[in-house]
Amino acid sequence: MKVLANDGISPSGLEKLEQNGFEVDTNKREQDDLVEAINNDNFGALLVRSATKVRKEHIDACPNLKAIIRGGVGMDNIDVEYAREKGIFVSNTPAASSQAVAELTMAHLYSIARGLFDSNRNMPKTGGSDFKKLKKKYAKGVELRGKTIGILGFGRIGQYTAKYALGNGMNVVAFNRTPKEVEIDLELPGIEAKKTIKTVSKEEVLKQADFITLHVPAQSDGNAVIGKAEFDMMKDGAFIVNTARGGVVDEDALMSAIDSGKIKYAGVDVFVNEPTPSDKILAHEGISLSPHIGAATVEAQDRIGIEIADLLIGEFK
């Protein structure tokens, strides 16, 4: 089978596929050229990340396509059920990147708790002339230990985030669309440490949490999970991090909440209108920014590549 890895694949995943007789093309095709490339080169499998969209019109136009695999968690860029109705094998790699996304979430939490993202902007500009002024400005950070983290979405990534938060001495409250009770194993070397967490309502999480993180898919109705009404429920001076999907937090409501002081700082890895986020959110002084890199670690990409290879081999060999 010929495979188009349109958004790339790790060397280990590529090697494993080729060792098992798959012919893999890693040359990127632009969205408008995707259908033509699949049909002209007779690709039977398409590998994507978040950049490439696979909608009904693409599926209908590619009758020989047998598999679509999303390297990563969310599959909102693929019309999954429609593809499956057409007999196409559709899957993703949810376990492979969970740890990486959780670690980026924690990185943003530390960054916003101490204002490091803003300090890193201003120290190169005025650190030499206004050192004492900046020292005073950034001397009002807070500690994570002893604070309550509210986790919205308690799947794999949310549970990994809980592991790190518990390891930092935080209290954890969590909401999941389907209520669940989960035993969290902190996986500390040589130490047996477990904590059972039972999910509560979203309202309870918003009211209790000092820090809030989101680990939910894009909503099918297109609505935000967090908007003005939800910000109003939060503690004054709360912090929020979104490493899930652009649009699950209303960007305008977020900026207004920061401007009013309701939210102290935010960490944002995902944006509406990627790859061209709004200039307003990129320029906002209260937001720690990263360019959708939640799953982008060397280790996670290696795991994703291997898992993709295993999926194709298991299905077609």
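Quick look at the numbers
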item	result
Residue within the range 38-46 that is part of a strand (DSSP E or B) and more than 24 Å from the chain's Cα centre (by Cα) present	yes
In the range 66-95, residue most open to solvent (accessible area, probe 1.4 Å) [restricted to those that are farther than 19 Å from Phe154 by Cβ and of a type in the set (Gly, Ala, Ser)]	Gly87
Some residue of the range 25-45 being open to solvent by less than 60 Å² (accessible area, probe 1.4 Å), modelled with pLDDT under 95 and either of a type outside the set (Ser, Thr, Tyr) or in contact with a Pro (Cβ under 8 Å, 6 or more places away or on another chain) (or both)	no
Test: residue in the range 145-167 that is more than 28 Å from Gly74 (Cβ to Cβ) and open to solvent by 80 Å² or more (accessible area, probe 1.4 Å)	yes
Helices (runs of 4 or more DSSP H) contained in the range 59-154 and holding at least 2 residues modelled with pLDDT of 95 or more and closer than 30 Å to Ala309 by Cα	80-85, 98-114
Residue list for the range 168-180, restricted to those being part of a strand (DSSP E or B) and crowded, with 16+ Cβ neighbours inside 10 Å	Val172, Val173, Ala174, Phe175
Pair list, Cβ < 6 Å and 6+ apart or interchain, from the range 61-77 residues that are on the phi > 0 side of the Ramachandran plot and touching a residue at least 12 places away in the same chain (Cβ under 8 Å) to residues that are open to solvent by less than 10 Å² (accessible area, probe 1.4 Å) and outside any helix (DSSP H, G or I)	Gly72/Ser97
Only one of Asp250, Asp269, Asp279 that is of a type in the set (Asp, Glu) and free of Cβ contacts under 8 Å to residues at least 12 places away in the same chain	Asp279
Hits in the range 219-266 (condition: open to solvent by 20 Å² or more (accessible area, probe 1.4 Å), outside any strand (DSSP E or B) and hydroxyl-bearing (Ser, Thr, Tyr))	Ser220, Ser256, Ser260
Within the range 47-57, considering residues that are open to solvent by 30 Å² or more (accessible area, probe 1.4 Å) and closer than 27 Å to Ser97 by Cβ, the one nearest to the chain's Cα centre (by Cα)	Ser50
Filtered residues of the range 199-218 (kept if assigned to a helix (DSSP H, G or I) and among the acidic types (Asp, Glu))	Glu203, Glu204
Filtered residues of the range 267-284 (kept if open to solvent by less than 30 Å² (accessible area, probe 1.4 Å), β-branched (Val, Ile, Thr) and assigned to a loop (DSSP other than H, G, I, E, B))	Val270
Filtered residues of the range 183-218 (kept if crowded, with 16+ Cβ neighbours inside 10 Å and closer than 17 Å to Thr105 by Cβ)	Ile184, Ile197, Val205, Ala209, Asp210, Phe211, Ile212, Thr213, Leu214, His215, Val216, Pro217
Per-region count, the range 1-29, residues within 23 Å of the chain's Cα centre (by Cα) and acidic (Asp, Glu)	1
Leading residue by the ranking (nearest to Asp210 (Cα to Cα)) among those in the range 129-144 that are open to solvent by 90 Å² or more (accessible area, probe 1.4 Å) and in contact (Cβ under 8 Å) with a residue 12 or more places away in the chain	Glu143
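Results for (1) more than 29 Å from Thr52 (Cβ to Cβ); (2) within 18 Å of the chain's Cα centre (by Cα), shown as yes or no for each residue.
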| site | (1), (2) |
| --- | --- |
| Asp221 | no, no |
| Asp252 | no, no |
| Ala257 | yes, no |
| Gly261 | yes, no |
| Val272 | no, yes |
| Ala283 | no, no |
| Ser288 | no, yes |
| Ile313 | no, no |
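Conditions (1) touching a helix residue (DSSP H, G or I) at 6+ places or on another chain (Cβ under 7 Å); (2) in contact (Cβ under 8 Å) with a residue 60 or more places away in the chain; (3) more than 17 Å from Val241 (Cα to Cα), marked per residue:
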residue	(1), (2), (3)
Asn120	no, no, yes
Gly146	no, no, yes
Gly150	yes, yes, no
Gly153	no, yes, no
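The values are calculated or read from the model by the stated rules, or taken from the named source; none is laboratory data. It should be emphasised that the depicted structure is a prediction, and the values quoted were computed from it without experimental measurement. All Cβ positions, glycine included, derive from the backbone under ideal geometry; neighbour counts span all protein chains shown. Just so you know, the surface numbers come from the protein's heavy atoms only, side chains and all, with ligands and any DNA or RNA stripped out. Shrake-Rupley method; radii C 1.70, N 1.55, O 1.52, S 1.80 Å.
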